[in-house]
Amino acid sequence: MPTRRYDDSPGLGSLYARTVKATLRKAEYEPDLDGLTLELPRALVDQDHLTAYREVTGFAAGPALPVTYPHVLAFPLHLDLMSDPSFPYKPMGIVHLSNTITQLKPIPMHAELSISVHSTPERPHPKGTVFDILSAVSVDDEVVWTDSTSLLSRSAGTPTAHTDLLPDPSLEANALWDLRANLGRRYAAASGDRNPIHLWKLSAQAFGFPRQIAHGMWAKAAALASIQRTSGLPDAFTVRVDFRKPLLLPSRVLFAHRSNGTATDFALYNDDHSTTHLIGQLAPR
């Protein structure tokens, strides 16, 4: 499996230009079956950037990184992987289906991190082809955090293909969130994810949305920050979310969470509870 190593995180400006170019290219090549691994052996957290991330997601200050923050650090490597000529799918238009994070122990905010990213073989889906981008973060040569991001490349699909979905929990709302129109731009500034569907009404309409939509990883982070404030989070746990329906901005949404004994179920609904935007489950390790 070929490996590409970096002395510093790839610049997002050039990566977005490559992403657009990769989307426009013709698919005249075969996937690299050996895959490509990207590594950033030494990464330090910019504390101002971390503060901005906490503010937009709701995580309180503390000695450890928010559990979703390493995903932001790995995101430039995700873009680099998906815009590489060996990558078999056009990156623009890929749909984020789910995300699973496992924190094996809290990550100190001043730790030196090592980050690696690679993709898995494709598998069929009723609406196209699904693949995962896997990320891992190590501290002192010990893996302390992993992330699996499941993505859909739309095509004719396989109607009989199995889809792995979290069960829909029956939850009563704990909170009402009033989300402003600029939320996508605020999270983009803190995360680096400047996909145009999240930024402005006109740019979202160019991709078929009536107006801009919230980032899925913002929704996951905000949900976990809310659970942390009310119930606390364990030091070691796995948390998965499925992204069901786009969350349009501005909007009012209901957040619900409940412990079922061994795990915590949570969800985001629209304000009349008729549409599910996100379903999640957190289980201690």
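The values are calculated or read from the model by the stated rules, or taken from the named source; none is laboratory data. All figures in this text were calculated on a predicted structure; none of them were measured in a lab. A quick note on method: Cβ atoms are made from the backbone with ideal geometry, for glycine too, and the neighbour counts reach across all protein chains shown.
Figures for the structure shown
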read-out: Phe75, sole failed condition from (1) among the aromatic types (Phe, Trp, Tyr); (2) within 26 Å of Pro2 (Cβ to Cβ); (3) part of a loop (DSSP other than H, G, I, E, B); value: (3)
read-out: Out of Arg258, Arg244, sole residue that is free of Cβ contacts under 8 Å to residues at least 40 places away in the same chain and among the charged types (D, E, K, R); value: Arg244
read-out: Residue in segment 227-237 that is without any contact (Cβ under 8 Å) to a residue 40 or more places away in the chain, closer than 21 Å to Tyr187 by Cα and hydrophobic (A, V, I, L, M, F, W, C) present; value: no
read-out: Of all residues making up segment 190-216, the number that are aromatic (Phe, Trp, Tyr) and either closer than 20 Å to Asn270 by Cα or outside any loop (DSSP other than H, G, I, E, B) (or both); value: 1
read-out: Identity of the residue in segment 78-100, assigned to a strand (DSSP E or B) and touching a Lys or Arg at 6+ places or on another chain (Cβ under 8 Å), that ends up farthest from Gln205 (Cα to Cα); value: Thr100
read-out: Positions within segment 184-202 being of a type outside the set (D, E, K, R), crowded, with 16+ Cβ neighbours inside 10 Å and under 21 Å from Gly93 (Cα atoms), in sequence order; value: Gly184, Tyr187, Ala188, Ser191, Gly192, Asn195, Pro196, Ile197, His198, Leu199, Trp200
read-out: Yes/no for Gly62 being over 29 Å from Ser86 (Cα atoms) and either at pLDDT below 95 or not assigned by TED's automatic domain parsing to the domain that holds Ala283 (or both); value: yes
read-out: Residue match in segment 1-19 (condition: in contact with a Gly (Cβ under 6 Å, 6 or more places away or on another chain) and either surrounded by fewer than 21 Cβ atoms within 10 Å (Cβ to Cβ) or at pLDDT below 95 (or both)); value: yes
read-out: Answer from Leu134, Leu151 - the residue that is hydrophobic (A, V, I, L, M, F, W, C), under 13 Å from the mean Cα position of the chain (by Cα) and surrounded by fewer than 20 Cβ atoms within 10 Å (Cβ to Cβ); value: Leu134
read-out: Within segment 133-156, tally of residues that are out of contact with any Gly (no Cβ under 6 Å at 6 or more places or on another chain) and farther than 18 Å from Glu39 by Cβ; value: 3
read-out: Qualifying residue in segment 159-172 (condition: β-branched (Val, Ile, Thr) and in a loop (DSSP other than H, G, I, E, B)); value: yes
read-out: Asn99 being polar (S, T, N, Q), outside the structural domain of Ala214 (by TED's automatic domain parsing) and surrounded by 16 or more Cβ atoms within 10 Å (Cβ to Cβ); value: yes
read-out: Single residue of segment 154-174 satisfying the filter (of a type in the set (S, T, N, Q) and under 30 Å from Asp272 (Cβ atoms)) that is surrounded by the most Cβ atoms within 10 Å (Cβ to Cβ); value: Asn174
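Residue-by-condition table, conditions (1) of a type outside the set (Phe, Trp, Tyr); (2) more than 22 Å from Thr102 (Cβ to Cβ); (3) within 17 Å of the chain's Cα centre (by Cα):
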residue	(1), (2), (3)
Ala221	yes, no, yes
Leu224	yes, no, yes
Leu233	yes, no, no
Val241	yes, no, yes
Leu249	yes, yes, no
Thr262	yes, no, no
Leu268	yes, no, yes
Thr276	yes, yes, no
Leu282	yes, no, yes
